[in-house]
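A short reminder: the numbers here are calculations on the coordinates, not readings from a lab. Quick caveat, the model's predicted, so the values are computed rather than measured. Ideal geometry is used to build each Cβ from the backbone, glycine not excepted, and the neighbour counts take in all protein chains shown.
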Amino acid sequence: MCPRGEPDIMERSLGNMTDDLFAKILDDIDFYKEPCWFHWFGEPLMNPRLFHQIEMAKSKGVPDLGISTFTFERVCENARGFLDLRKQLGRSKPKVTLSIIVMEETKSQLEPFKQTWLAAGADEIMFKPFVTWGNQDPQFVQLASIDSRVEHQQRLREHPCFMLWESVVIAWDGRVVPCCYDFDASVTLGDLKKQSLREIWNGEAYVAMRTKELNGCNDKSLCRNCNQAPGFRQNPAWPLPQIGLREDLKTQRKKREAATEVVRTGEGSRV
């Protein structure tokens, strides 16, 4: 289910992100149009600076923040207490989402889990699909539900993975990796102790990996066997031809509309 489970196969060192490093990340505020999550194979509530760093992010204008915590017995008790307190105060925020991973051991627990936590006041219940973390270790597949194991082992990745363009994952020590499946930070694309986030995002390593992904030749150990990477079919009209300066606005508009229509009608595509 998770590289931090039993057996614990994650080998990279553990720690908490410093305020100075987090402040450096916040300097590139343009990256935070989507939720910023304070976790990656760790327990965020064990970081003594967590709430201060939440304040730092909000003061910089980060719109949405999230944490993910693990469901142990005491956590369940605290979650119920938190939901009761929120109800007593008449508040709707923070939003509370509880999730359960769909696997062979949890199939019979899904509906009871949903009904229990909705009755307790949770805003949303998610049945999270099982992931094999890029098929980096055969042990992960064996934990999937029996009826999905063959698909996990044989299904091919159909489209370029959009994670290389739409998200960024930063380890507690400042290393930047392509996606959350890289639990051991084996594919490091930059180091925030030496570079800015903007420099890393537009840097040679990121650009080279994106190019290989688009061309179907990404041979990184993290990616070559991954069949769960999220992606969309490419627009057949991409890259769009340069529009001459002498063409009138009406012609330009027609070309843009035609290109957009190609994207809209393509299965699994988006603008």
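The stretch between residue 89 and residue 39 holds 15.3 nm of extra length on full extension. This uses 0.36 nm per residue minus the Cα-Cα distance.
Summing charges over neighbours of residue 54, with a neighbour being any other residue whose Cβ is under 14 Å away from its Cβ, gives +1 when K and R count +1 and D and E count -1.
Suppose R0 equals 30 Å. What FRET efficiency, 1/(1 + (r/R0)^6) with r the Cβ-Cβ distance, do residue 96 and residue 204 give to the nearest 0.05?
Numbers: r = 41 Å, r/R0 = 1.38.
With R0 = 30 Å, the Cβ-Cβ based efficiency is 0.10.
The stretch between residue 65 and residue 227 holds 55.5 nm of extra length on full extension. This uses 0.36 nm per residue minus the Cα-Cα distance.
Each peptide in 213-222, 169-178 was scored by the mean count of other Cβ atoms within 10 Å over its residues; highest first, the order is 169-178, 213-222. Plainly put, the stretch 159-225 has a radius of gyration that is 0.93 times its Kirkwood radius, both from alpha-carbon atoms, as the Rg/Rh ratio.
Once the piece of chain linking residue 217 and residue 114 is laid out straight, how much longer is it, given 0.36 nm per residue of separation minus the C-alpha distance between them?
On the way: separation 103, 0.36 × 103 = 37.08 nm, distance 4.13 nm.
Between residue 217 and residue 114, full extension yields 33.0 nm more.
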